[in-house]
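Notes follow once the structure below has been shown.
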Amino acid sequence: MKVISTEKAPSAIGPYSQAMTVNGLVFTSGQIPINPATGEIEAKTIEEQAEQVMKNLGEVLKAAGSSYEKTVKTTCFLADMNDFAAFNEVYGKYFTGKPARSCVAVKTLPKNVLCEVEAIGEV
């Protein structure tokens, strides 16, 4: 197993890594809309937060030698399922290969953000 770390995405805010690779696969931790340059959550709307999440996730995938196109499965967490359509609009711009996906609403996300996404992909 190999730990993946990049300064182009937010550092882990707990006892975990941004991603791990093993046997030709990458498993990312959930990415939230923290701006890695400032360490702050600057985005307010679901669309803005989803954009930052996708950028962060893309950087972690890239650091692992993967990409959106090599992603086989994502898990998406929304604070409010009423944001589903707006979230999908942003998500669909990045995951054009349409990987398998689960999307659930949860009671609360870290730092009270509106969305979080994790991925599994080929390296």
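For this structure, a couple of remarks:
- Residues in the stretch 42-58 that are more than 18 Å from G97 (Cβ to Cβ) and open to solvent by 50 Å² or more (accessible area, probe 1.4 Å): E42, K44, T45, E47, E48.
- Residues in the stretch 80-102 that are open to solvent by 80 Å² or more (accessible area, probe 1.4 Å) and under 16 Å from the mean Cα position of the chain (by Cα): E89, K93, T96, K98.
- As for the stretch 23-33, it holds no residue that is surrounded by fewer than 16 Cβ atoms within 10 Å (Cβ to Cβ), in contact with a Lys or Arg (Cβ under 8 Å, 6 or more places away or on another chain) and farther than 15 Å from N112 by Cα.
- Checklist (1) open to solvent by less than 30 Å² (accessible area, probe 1.4 Å); (2) aromatic (F, W, Y); (3) touching a Leu at 6+ places or on another chain (Cβ under 8 Å) applied to F77, failing item: (1)
The values are calculated or read from the model by the stated rules, or taken from the named source; none is laboratory data. Just so you know, these numbers come straight off a predicted model, no measurement behind them. Reconstructed Cβ throughout: ideal geometry from the backbone, glycine too, with neighbour counts over all protein chains shown. When the accessible area is computed, the model is the full protein with side chains, heavy atoms only, and any ligands, DNA or RNA have been set aside. Shrake-Rupley method; radii C 1.70, N 1.55, O 1.52, S 1.80 Å.
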